[in-house]
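A short worksheet on the structure shown next.
The values are calculated or read from the model by the stated rules, or taken from the named source; none is laboratory data. Quick caveat: nothing in here was measured; it's all calculated off a predicted structure. In this analysis, Cβ positions are derived from the backbone assuming ideal geometry, glycine residues included, and neighbour counts consider all displayed protein chains.
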Amino acid sequence: MITERWPTSRLFLSASADVSDFWELCGRQALDGTTTAVRFSPATLRGTTAHIEVADAEALEQFLRPARRGFLVGVFEQNEPQLFVVDAGNARRVRSSHERSSLHLPAAHLLDDLTYGLLWSLVQFDDGLLADDWALDQEQPTLNTYLSLLRSAPSRMTLPDLTNIGANFLGSAFCAQHILRRLDGLSDPPVFWTREQTGEQAAAWLWFRHKSDYLAALSALYTGAADPLSRAFCIPEAEVARSDRYERILLLLAITLMEIHGIRVDVLADPEFSEVDGFALVWGKLAAVANWVRTEAIWAVDTVTQRSVLRGYQDALGEAQRHSVMQGGDPESRLRSLAGYLEIPWSWLVTRCREVGECGAASIVRPRSRHLSVDALDDVFQFLGGLAPGR
């Protein structure tokens with residue numbers, strides 16, 4: 001069922017009860033892919049609680065004990081089987097507080113496009129950052145040197161040992177610092193253009209701790225400004241068609257996070273604007289260019305003041321504002337229209353966000369890397385879960 005529903009999953013089932021089954025999660029372009037242990041057990045569903053049966057307590061203890069990542073999946077057999085998922089660390093905690101014959105989970109742990117997108121993205125981010133933790137720490141002095149430059153674009157070959165995740169993390173963190181430094185002392189609120197086009201690329205906004213800090217810093221910097229902050233995306237229909245629904249959900253959740261921080265988002269479908277730089281534009285003054293998505297360098301940043309270039313960025317933003325697929329005078333209206341464009345059922349999404357928000361994302365899967373956090377996701381679930389489901 002898992003491999004049939006989600007093509008980025010592969011299951012490898014062991015022939016021995018003493019050896020764990022394994023679940024491979026495959027990235028598409030930005031994510032590297034990784035493998036986690038998995039154990040399937042029968043489950044029953046009573047009301048809002050899934051009860052995972054523990055037929056062999058010793059075997060379950062052996063599965064939960066290792067330090068490696070693992071998932072326990074309860075299988076509720078009916079006309080269409082339902083799966084309920086929890087990572088091994090949480091299962092250890094839950095099991096210690098209940099009777100030994102079963103393990104109780106909120107029904108919100110249902111494995112569907114929402115929860116699959118969470119664990120698919122988090123586990124890959126987590127493993128990549130843990131693999132690169134030492135190298136990333138060693139690069140901090142180098143980053144400070146680069147920040148003093150108005151323009152830089154270090155090649156991936158300068159850090160060949162980094163995973164894609166590690167390089168993306170480094171590029172994302174540097175671009176955020178570059179923009180904040182270039183905006184320092186400018187009172188006019190900037191307008192942003194963002195290069196993410198898929199959920200795989202945009203999921204970094206949901207998990208990377210520095211992303212939430214960056215959005216909070218921008219909100220605090222321009223509190224009380226006459227014009228609200230705004231941000232544009234170019235997400236062509238072809239990219240929407242190529243993405244599975246779980247990935248489109250990640251994209252919508254990331255855009256929701258920005259709306260929560262008071263940033264009005266516009267989404268342009270015209271593919272002619274796909275290669276526009278990521279930038280923060282202060283009208284008539286400068287553009288802090290910052291690319292880390294869909295670029296061959298770890299990051300490519302610049303500080304632009306030429307009027308012709310600024311005019312080009314301004315024209316792209318005007319096009320996004322005039323032809324945005326996100327229509328409406330409030331975040332709910334805009335997000336509802338975005339859900340329609342991304343072909344995500346609004347009522348289902350709001351209901352599931354409410355359910356997951358009640359138990360918290362970390363009750364399903366939690367980060368191990370110090371660079372990741374569930375706080376932004378919980379804010380998103382609380383916000384979307386509080387909206388009217390409608391139709």
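Among the residues of the range 66-81, write down those that are touching a residue at least 24 places away in the same chain (Cβ under 8 Å) and within 26 Å of ASP126 (Cβ to Cβ).
If the condition is that a residue be touching a residue at least 24 places away in the same chain (Cβ under 8 Å) and within 26 Å of ASP126 (Cβ to Cβ), then PRO66, ARG68, ARG69, GLY70, PHE71, LEU72, VAL73, GLY74, VAL75 are the ones that fit.
With the structure loaded, tell me whether GLU332 is closer than 14 Å to GLU259 by Cβ, assigned to a helix (DSSP H, G or I) and of a type outside the set (Gly, Ala, Ser) or whether it fails that test.
yes
Enumerate the pairs (first residue in the range 115-132 and within 23 Å of ARG354 (Cα to Cα) and assigned by TED's automatic domain parsing to the domain that holds TRP6; second residue anywhere and aliphatic (A, V, I, L, M) and part of a helix (DSSP H, G or I)) with beta-carbon separation below 6 Å, excluding pairs fewer than 6 apart on the same chain, so at least 6 apart or on different chains.
Pairs found: none.
Across the range 292-309, what is the number of residues that are surrounded by 15 or more Cβ atoms within 10 Å (Cβ to Cβ), farther than 22 Å from LEU221 by Cα and within 30 Å of the chain's Cα centre (by Cα)?
Number of matching residues: 8.
Considering only the range 246-273, how many residues are over 20 Å from the mean Cα position of the chain (by Cα) and not in a strand (DSSP E or B)? Give the steps one after another, and end with the answer.
So the first thing to find is which residues in the range 246-273 are over 20 Å from the mean Cα position of the chain (by Cα), and the list is 268-273.
From what is left, the residues that are not in a strand (DSSP E or B) are 269-273.
Of the residues in the range 246-273, 5 are over 20 Å from the mean Cα position of the chain (by Cα) and not in a strand (DSSP E or B).
For residues that are part of a helix (DSSP H, G or I) and touching a helix residue (DSSP H, G or I) at 6+ places or on another chain (Cβ under 8 Å), tally how many sit in the range 335-350.
9
Can we say PHE71 is over 30 Å from ARG294 (Cα atoms), modelled with pLDDT of 85 or more, under 23 Å from the mean Cα position of the chain (by Cα) and of a type in the set (A, V, I, L, M, F, W, C)?
yes
Going by the conditions given, is ARG334 closer than 19 Å to ALA254 by Cα and either surrounded by 15 or more Cβ atoms within 10 Å (Cβ to Cβ) or at pLDDT 95 or above (or both)?
Yes: the conditions hold for ARG334.
Test of understanding: among ARG370, ARG294, ARG366, which residue is under 28 Å from LEU119 (Cβ atoms), part of a loop (DSSP other than H, G, I, E, B), touching a Ser or Thr at 6+ places or on another chain (Cβ under 9 Å) and not polar (S, T, N, Q)?
After ruling out the rest, the residue left standing is ARG294.
Give me the residue from the range 122-148 that is at pLDDT 95 or above and either within 19 Å of ASP302 (Cβ to Cβ) or aliphatic (A, V, I, L, M) (or both) and, out of that set, surrounded by the most Cβ atoms within 10 Å (Cβ to Cβ).
So, considering only residues that are at pLDDT 95 or above and either within 19 Å of ASP302 (Cβ to Cβ) or aliphatic (A, V, I, L, M) (or both), the one surrounded by the most Cβ atoms within 10 Å (Cβ to Cβ) is LEU122.
Pick out, from the range 1-101, the strands (runs of 3 or more DSSP E) lying fully within it that include 2 or more residues that are farther than 29 Å from GLY166 by Cα and outside the structural domain of CYS359 (by TED's automatic domain parsing).
34-46, 49-53, 70-76, 82-87
Any residue at all in the range 319-328 that's surrounded by fewer than 17 Cβ atoms within 10 Å (Cβ to Cβ), assigned to a loop (DSSP other than H, G, I, E, B) and without any contact (Cβ under 8 Å) to a residue 12 or more places away in the chain? Write out each step before concluding.
Step one: filter the range 319-328 for residues surrounded by fewer than 17 Cβ atoms within 10 Å (Cβ to Cβ), giving 321-323, 327-328.
Within this subset, residues satisfying the condition of being assigned to a loop (DSSP other than H, G, I, E, B) are 323, 327-328.
Within this subset, residues satisfying the condition of being without any contact (Cβ under 8 Å) to a residue 12 or more places away in the chain are 327-328.
Within the range 319-328, one or more residues are surrounded by fewer than 17 Cβ atoms within 10 Å (Cβ to Cβ), assigned to a loop (DSSP other than H, G, I, E, B) and without any contact (Cβ under 8 Å) to a residue 12 or more places away in the chain.
Condition (residue is surrounded by fewer than 21 Cβ atoms within 10 Å (Cβ to Cβ) and more than 20 Å from ARG5 (Cβ to Cβ)) applied to the range 103-118: is it met by at least one residue?
Checked against the condition, which is being surrounded by fewer than 21 Cβ atoms within 10 Å (Cβ to Cβ) and more than 20 Å from ARG5 (Cβ to Cβ), the range 103-118 yields at least one hit.
For the range 149-191, which residues satisfy the criterion of being more than 17 Å from ARG294 (Cα to Cα), modelled with pLDDT of 90 or more and either assigned to a strand (DSSP E or B) or among the small types (Gly, Ala, Ser) (or both)?
Across the range 149-191, the qualifying residue is only VAL191.
Return the only residue of ASP266, ASP244, ASP227, ASP315 being in the same structural domain as TYR146 (by TED's automatic domain parsing), under 22 Å from GLU200 (Cα atoms) and surrounded by fewer than 19 Cβ atoms within 10 Å (Cβ to Cβ).
Step by step, each of ASP266, ASP244, ASP227, ASP315 is checked, and only ASP244 is in the same structural domain as TYR146 (by TED's automatic domain parsing), under 22 Å from GLU200 (Cα atoms) and surrounded by fewer than 19 Cβ atoms within 10 Å (Cβ to Cβ).
Which members of the range 149-192 meet the condition of being surrounded by fewer than 20 Cβ atoms within 10 Å (Cβ to Cβ), farther than 11 Å from VAL301 by Cβ and among the aliphatic types (A, V, I, L, M)?
Correct list: MET157, LEU159, LEU180, LEU186.
Just give me the residues in the range 279-322 being within 25 Å of ALA225 (Cα to Cα), in contact with a helix residue (DSSP H, G or I) (Cβ under 8 Å, 6 or more places away or on another chain) and of a type in the set (A, V, I, L, M, F, W, C), in sequence order.
PHE279, ALA280, LEU281, VAL282, TRP283, LEU286, ALA287, ALA288, ALA290, VAL304, ALA316, ALA320
Of the numbered conditions (1) in a helix (DSSP H, G or I); (2) modelled with pLDDT under 95; (3) charged (D, E, K, R), ASP315 satisfies every one except a single condition; which is it?
Among (1) in a helix (DSSP H, G or I); (2) modelled with pLDDT under 95; (3) charged (D, E, K, R), ASP315 violates only (2).
Name the one entry in ILE165, ILE179 that is touching a Pro at 6+ places or on another chain (Cβ under 9 Å) and in the same structural domain as CYS359 (by TED's automatic domain parsing). Please lay out each step first, then the result.
Details: ILE165 fails: touching a Pro at 6+ places or on another chain (Cβ under 9 Å).
The unique qualifying residue is ILE179.
Of all residues in the range 1-35, which are closer than 18 Å to LEU105 by Cβ and touching a Phe, Trp or Tyr at 6+ places or on another chain (Cβ under 7 Å)?
Passing the criteria: only TRP23.
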